[in-house]
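My structure is below; once you've seen it, I'll send some questions.
The values are calculated or read from the model by the stated rules, or taken from the named source; none is laboratory data. All figures in this text were calculated on a predicted structure; none of them were measured in a lab. With ideal geometry, Cβ positions are generated from the backbone for all residues, glycine too; neighbour counts draw on all protein chains shown.
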Amino acid sequence: MIAWLRRRFWRASLADPGFLFLLDEPPAGEAVSLDCETTGLDPWVDEIVAIAAVPVIGNRIATSRRFEAVV
(Lines give C-alpha, C1' and ligand atoms only; values in the text may rest on other atoms or scores of the structure.)
Protein backbone atom coordinates (compact mmCIF):
# COMPACT_ATOMS: atom_id res chain seq x y z
CA MET A 1 0.00 0.00 0.00
CA ILE A 2 2.75 2.46 0.91
CA ALA A 3 4.72 1.68 -2.27
CA TRP A 4 1.60 2.22 -4.39
CA LEU A 5 0.90 5.54 -2.68
CA ARG A 6 4.51 6.63 -3.11
CA ARG A 7 4.47 5.81 -6.86
CA ARG A 8 1.16 7.66 -7.20
CA PHE A 9 2.65 10.77 -5.58
CA TRP A 10 5.76 10.70 -7.80
CA ARG A 11 3.60 10.22 -10.93
CA ALA A 12 1.56 13.30 -10.03
CA SER A 13 4.63 15.44 -9.35
CA LEU A 14 6.65 14.36 -12.42
CA ALA A 15 7.15 17.32 -14.77
CA ASP A 16 8.12 15.41 -17.94
CA PRO A 17 5.69 12.60 -18.90
CA GLY A 18 8.42 11.04 -21.05
CA PHE A 19 9.89 9.57 -17.85
CA LEU A 20 6.70 7.93 -16.54
CA PHE A 21 8.06 4.48 -17.43
CA LEU A 22 10.57 4.85 -14.58
CA LEU A 23 7.71 4.60 -12.08
CA ASP A 24 6.24 1.35 -13.48
CA GLU A 25 6.40 -1.87 -11.50
CA PRO A 26 9.75 -3.62 -12.04
CA PRO A 27 9.69 -6.91 -13.98
CA ALA A 28 9.33 -9.96 -11.74
CA GLY A 29 12.62 -11.72 -11.06
CA GLU A 30 14.80 -8.91 -12.42
CA ALA A 31 17.23 -6.59 -10.66
CA VAL A 32 20.15 -4.35 -11.63
CA SER A 33 23.51 -4.36 -9.92
CA LEU A 34 25.19 -0.93 -9.86
CA ASP A 35 28.83 -0.04 -9.30
CA CYS A 36 30.14 3.50 -8.86
CA GLU A 37 33.86 4.23 -8.81
CA THR A 38 34.81 7.38 -6.94
CA THR A 39 37.97 9.37 -6.30
CA GLY A 40 37.78 8.52 -2.59
CA LEU A 41 35.47 7.50 0.25
CA ASP A 42 34.06 10.87 1.34
CA PRO A 43 30.70 11.44 -0.45
CA TRP A 44 30.75 15.18 0.31
CA VAL A 45 34.16 15.81 -1.29
CA ASP A 46 34.96 13.04 -3.75
CA GLU A 47 33.50 12.67 -7.23
CA ILE A 48 32.15 9.77 -9.29
CA VAL A 49 34.55 8.81 -12.10
CA ALA A 50 32.88 5.68 -13.51
CA ILE A 51 29.49 3.94 -13.40
CA ALA A 52 28.64 0.37 -14.35
CA ALA A 53 25.38 -1.61 -14.32
CA VAL A 54 24.53 -5.20 -15.15
CA PRO A 55 21.05 -6.79 -15.08
CA VAL A 56 20.38 -9.90 -13.02
CA ILE A 57 17.53 -11.96 -14.45
CA GLY A 58 16.41 -14.81 -12.24
CA ASN A 59 19.67 -16.35 -11.06
CA ARG A 60 21.70 -15.34 -14.13
CA ILE A 61 23.90 -12.29 -14.65
CA ALA A 62 23.31 -10.86 -18.15
CA THR A 63 26.82 -9.61 -18.92
CA SER A 64 25.93 -9.12 -22.59
CA ARG A 65 23.55 -6.31 -21.55
CA ARG A 66 26.01 -4.45 -19.31
CA PHE A 67 26.41 -0.67 -19.18
CA GLU A 68 29.70 1.13 -18.54
CA ALA A 69 30.42 4.87 -18.53
CA VAL A 70 33.42 6.96 -17.58
CA VAL A 71 32.25 10.31 -16.26
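Can you give me the number of residues within region 18-46 that are in contact (Cβ under 8 Å) with a residue 12 or more places away in the chain and either in contact with a Lys or Arg (Cβ under 6 Å, 6 or more places away or on another chain) or of a type outside the set (G, A, S) (or both)?
Restricting attention to region 18-46, the residues satisfying the condition of being in contact (Cβ under 8 Å) with a residue 12 or more places away in the chain are 23, 29-37.
Remaining after also requiring either in contact with a Lys or Arg (Cβ under 6 Å, 6 or more places away or on another chain) or of a type outside the set (G, A, S) (or both): 23, 30, 32, 34-37.
Qualifying residue count, region 18-46: 7.
Checking the conditions here, which among V71, V32, V54 is in contact with an Asp or Glu (Cβ under 9 Å, 6 or more places away or on another chain) and at pLDDT below 95?
So the residue among V71, V32, V54 that is in contact with an Asp or Glu (Cβ under 9 Å, 6 or more places away or on another chain) and at pLDDT below 95 is V71.
Then there is this: Could you tell me how many of the residues in region 48-71 are in contact (Cβ under 8 Å) with a residue 12 or more places away in the chain and more than 12 Å from V32 (Cα to Cα)? Outline the logic, then answer.
Let us first name the residues in region 48-71 that are in contact (Cβ under 8 Å) with a residue 12 or more places away in the chain, namely 48-58, 61, 66-71.
Adding the requirement that they be more than 12 Å from V32 (Cα to Cα) leaves 48-51, 68-71.
The total comes to 8.
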